[in-house]
Ligand code: PLP
């Protein structure tokens, strides 16, 4: 299995990270996770444009790198590993320097690394829906940056796992923000509600596709924060991400959502998403 590290494709057994890498010491870096469908890189431009935005927001200099170049790396890595359906994870840290909080010398080079993996789309879950729990959103106030610092997300997801749930839906003082690794939507009376794409959530690439689909389907897409009570009382609940696509949530904590079955709007959005995959491929 190949990985990409320090601008080279090497066997994973040869990948080495310096113990003074700022990603390792501080979580000082950013990442993206990109889907491969049928051997093709899906929405690569959107992901790498977001990576460049994250870099800019944390003052990480990506001079010399481009969306096109990184897309090429992604394609090559997937092809070298014969990934037909799966994903590529890519991260970049602020580089190697003696541990000290302020930014290192401007000549410090960012460190890129990437791996790929093969897996099928989550057909069963997409068809039957999943369970979620709710947890406090204890993260920082720049959740719009796809940062390597995922401790808040990790603790939330672990709680879900311990409770036999697929995802943890987070809230700040009763206001639903997003999932530990997904965006969250509540459908009520034929309208889709989701938290505005501000500093409190990651503006998901899948969220953007869902927004476009909703517009094409003439379903109102309302970017307004809603409460836990509204979530519990929703007709349908959906979570979305690059890896789980348009995922129905049929139960939140002990509460059944709607009639406990996958809803009609969810199904319409899933169909649009399938068409979008087809059209990109
Ligand atoms: N929100 C969080 C916290 C995430 O980690 C993710 C993806 O991993 C998302 C939302 C969904 O983003 P995307 O659709 O771009 O994968």
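The values are calculated or read from the model by the stated rules, or taken from the named source; none is laboratory data. Remember, predicted model here, so these are calculated numbers, not experimental data. Here Cβ is always computed from backbone atoms with ideal geometry, including for glycine, and neighbour counts include all displayed protein chains.
Here are some notes:
- Residue 109 vs. criteria assigned to a strand (DSSP E or B), free of Cβ contacts under 8 Å to residues at least 40 places away in the same chain and within 24 Å of residue 66 (Cα to Cα): no
- Candidates are the residues of segment 185-212 that are in contact with a helix residue (DSSP H, G or I) (Cβ under 6 Å, 6 or more places away or on another chain) and more than 13 Å from the ligand (Cβ to nearest atom); the one that is farthest from residue 130 (Cα to Cα) is 192.
- Just one residue in the set 88, 96, 111, 84 is at pLDDT 95 or above and closer than 16 Å to residue 50 by Cβ; that residue is 88.
- Failed item in (1) buried (at least 23 other Cβ atoms within 10 Å of the Cβ); (2) outside any strand (DSSP E or B); (3) over 19 Å from the mean Cα position of the chain (by Cα), with residue 192 passing the rest: (2)
- Residue 281, sole failed condition from (1) at pLDDT 95 or above; (2) more than 10 Å from the ligand (Cβ to nearest atom): (1)
- Candidate set: segment 174-184, residues that are touching a helix residue (DSSP H, G or I) at 6+ places or on another chain (Cβ under 7 Å) and within 13 Å of the ligand (Cβ to nearest atom); chosen: the one nearest to residue 243 (Cα to Cα): 181
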